[in-house]
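Right, one structure below, let's go through it.
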Amino acid sequence: MSFKVKMQEAAESKISPIVLALDFPYEAPENRSNVLAKAQKILKAVHPYICAVKMNHHLVLPLGTFDGVQQLVEQIRGQGLMAIMDAKVNDIGNTNQVIADYYYAAGFDALIANPSWDGMKA
């Protein structure tokens with residue numbers, strides 16, 4: 001099923017077209033333990049009113065792709081939401097593919113990339 005169809009279904013299911021930009025400001029490395037709890041608290045409060053969550057690097061990097069991020073993505077998907085990684089992928093095709101493979105393995109439904117990437121499919 002295409003991402004577009006999944007998003008339409010999520011929006012209809014939630015009766016909301018809103019995508020939450022879970023874009024945190026910079027957290028110093030010594031404060032990163034608070035990041036997961038903060039994100040989970042926000043998701044718990046707003047999940048009935050949104051259809052998807054977009055995360056930026058400021059959230060993903062402190063959590064680690066296969067530790068905190070997977071927990072967060074599982075929570076997002078468990079609430080019937082789509083998980084989008086705002087990776088801003090913009091490199092050569094092979095490098096872009098590696099980046100995409102890691103984010104998809106972490107559970108993301110989609111990632112944001114430069115439209116000139118030759119590996120993008122609609």
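Quick look at the values:
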{"read-out": "Accessible area of the chain belonging to carbon and sulfur atoms, whole % at 1.4 Å probe", "value": "56 percent"}
{"read-out": "Normalised contact order of the chain, rounded percent, pairs of Cα under 8 Å and 6 or more residues apart", "value": "26 percent"}
{"read-out": "Virtual paramagnetic centre 7 Å along Cα→Cβ of Gln79, amide N under 13 Å, in region 19-59", "value": "19-23, 37-55"}
{"read-out": "Cβ charges +1 (Lys, Arg) and -1 (Asp, Glu), total dipole of the chain, debye", "value": "340 debye"}
{"read-out": "Region 1-121: proportion of alpha-carbon pairs further apart than 26 angstrom, %", "value": "20 percent"}
{"read-out": "For region 38-43, 3J(HN,Hα) per residue [Karplus equation, 6.51 cos²θ - 1.76 cosθ + 1.60, θ = phi - 60°, Hz, x = Gly/Pro]", "value": "5, 5, 5, 5, 4, 4"}
{"read-out": "Efficiency of FRET from Cβ geometry, Asn31 and Met1, R₀ 41 Å, rounded to 0.05", "value": "0.60"}
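The values are calculated or read from the model by the stated rules, or taken from the named source; none is laboratory data. The shown structure was predicted, so the numbers you read here are calculated from the model rather than taken from an experiment. Positions of Cβ are generated from backbone atoms using ideal geometry, with glycine treated the same way; all protein chains shown enter the neighbour counts. These area figures cover heavy atoms from the full protein model, side chains too; ligands, DNA and RNA do not enter into them. Shrake-Rupley method; radii C 1.70, N 1.55, O 1.52, S 1.80 Å.
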